[in-house]
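Worksheet: the structure to be examined is printed underneath.
The values are calculated or read from the model by the stated rules, or taken from the named source; none is laboratory data. These numbers come from a predicted model, not from an experiment. Counting neighbours? That spans all protein chains shown, and the Cβs are built from the backbone with ideal geometry, glycine included.
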Amino acid sequence: MTQALSDFDKFDASWERTKELTGWSQKRQLAEFLDIKGQSVSGARTRNSFPVDWAYRIASEFGGSTDWILEGKGPMRPGHPAGETQAPVAAKAIASPEDAFDALGMAEGMGLLAEIYSSKDQIYIRAINANLLAFADAVKTKAKAVVLEQTIQQMQVQMVKMQEQINELKHEVLHLRNENSDLKRELRSRGGNCEPSTATG
């Protein structure tokens, strides 16, 4: 049974809608916005899958609809009739996400998460879950990096102490060699070598 064309061009269809929403023209702009490598975009196209978290981030940034980016359902932007031509919105033209995120405390953040989960919208929930897992991994990695850095610093301190001890030992060895040389010179000055002489009768 032949699959519908849409089953084969899901990525391209989502990419075309993304270009319409953002005004982008090249996949390089998508990679730069997501802070990923171009190979990641090529890989998603090869798999014919436009990741949900990509669509969510783009929709959040440009005031669009995740459903519309992924499946073409509903209007391009919430509050606009479906099918209405809408000009691209420049990034961060709606509001500064950084300001909004910085203003959030733990209670407010948990409240927003609860609101999203209670909506039972699987697209948004999958996007949130993907981001939460990514952030959790980043936090764990950062914690491991801190521990490793502390361990390295401790080892460096120990190496400095060991080097100081080695220098002290070298100095002591040099001192002993000098003393030995002085003793040899003293023995020579007293009669040549240290072997007892044989008396002639």
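Would you confirm whether any residue within segment 30-46 is under 22 Å from Ile128 (Cβ atoms) and of a type in the set (Lys, Arg)?
No, every residue in segment 30-46 fails to be under 22 Å from Ile128 (Cβ atoms) and of a type in the set (Lys, Arg).
Anything in segment 40-70 that is without any contact (Cβ under 8 Å) to a residue 24 or more places away in the chain and farther than 14 Å from Ile123 by Cα? List them, or say none.
Ser40, Val41, Ser42, Gly43, Thr46 - these are the residues of segment 40-70 that are without any contact (Cβ under 8 Å) to a residue 24 or more places away in the chain and farther than 14 Å from Ile123 by Cα.
Which numbered condition in (1) loosely packed, with under 12 Cβ neighbours inside 10 Å; (2) at pLDDT 75 or above is the only one that Gly83 fails?
The failed condition is (2).
Looking at segment 39-69, which of the residues that are buried (at least 23 other Cβ atoms within 10 Å of the Cβ) and aliphatic (A, V, I, L, M) is farthest from the chain's Cα centre (by Cα)?
Taking the candidates together, the pick is Ile69.
Looking at Phe101, is it of a type in the set (Phe, Trp, Tyr) and modelled with pLDDT of 80 or more?
No, not satisfied.
Against the definition (modelled with pLDDT of 95 or more and in contact with a Leu (Cβ under 7 Å, 6 or more places away or on another chain)), how does Trp24 come out, yes or no?
Working: modelled with pLDDT of 95 or more: yes; in contact with a Leu (Cβ under 7 Å, 6 or more places away or on another chain): yes.
When the stated conditions are applied, Trp24 passes them.
Out of all the residues in segment 116-123, is one or more in contact (Cβ under 8 Å) with a residue 60 or more places away in the chain and surrounded by 11 or more Cβ atoms within 10 Å (Cβ to Cβ)?
Among the residues of segment 116-123, at least one is in contact (Cβ under 8 Å) with a residue 60 or more places away in the chain and surrounded by 11 or more Cβ atoms within 10 Å (Cβ to Cβ), which makes the answer yes.
With the condition kept exactly as written, say whether any residue in segment 156-167 is under 30 Å from Asp53 (Cβ atoms), within 26 Å of the chain's Cα centre (by Cα) and either hydroxyl-bearing (Ser, Thr, Tyr) or modelled with pLDDT of 85 or more (or both).
For segment 156-167, residues under 30 Å from Asp53 (Cβ atoms), within 26 Å of the chain's Cα centre (by Cα) and either hydroxyl-bearing (Ser, Thr, Tyr) or modelled with pLDDT of 85 or more (or both): absent.
If Ile36 passes every condition in (1) in a helix (DSSP H, G or I); (2) over 29 Å from Gly79 (Cβ atoms) but one, which one does it miss?
In the conditions (1) in a helix (DSSP H, G or I); (2) over 29 Å from Gly79 (Cβ atoms), Ile36 misses (1) alone.
For Ala136, state whether it is among the small types (Gly, Ala, Ser), at pLDDT below 85 and either within 30 Å of Asp53 (Cβ to Cβ) or not in a helix (DSSP H, G or I) (or both).
yes
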